[in-house]
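Only one structure is covered here, and it is reproduced in the block below.
The values are calculated or read from the model by the stated rules, or taken from the named source; none is laboratory data. In this text, all values refer to a predicted model and were calculated from it rather than measured experimentally. Quick reminder, even Gly has a Cβ in these numbers, built from the backbone with ideal geometry, and neighbours come from all protein chains shown.
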């Protein structure tokens, strides 16, 4: 199941597309996340809202964006659940 266009949809993992939209490669996802993040006090940051927006826009589960942020040392901030600021 993936998050696509504001909703979760089933996805056959053997097919590289959902409703005709090609899934992004890991490299493309990383590039987009890096482009959307900004540097604050010497560290890259991305808000939760931005992370969710990127996931929806690219048709991937939000957890993939979170993992990329961890991998690239991008700090997620302004948590919509209030877990971290």
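For the reader, a short list of remarks on this structure follows.
- Matching residues, region 42-85, being in a loop (DSSP other than H, G, I, E, B) and either at pLDDT below 90 or touching a strand residue (DSSP E or B) at 6+ places or on another chain (Cβ under 6 Å) (or both): 59, 60, 61, 74, 78, 79, 80, 81, 82, 83, 84, 85
- Test: residue in region 2-12 that is more than 12 Å from the chain's Cα centre (by Cα), at pLDDT 75 or above and surrounded by fewer than 14 Cβ atoms within 10 Å (Cβ to Cβ): no
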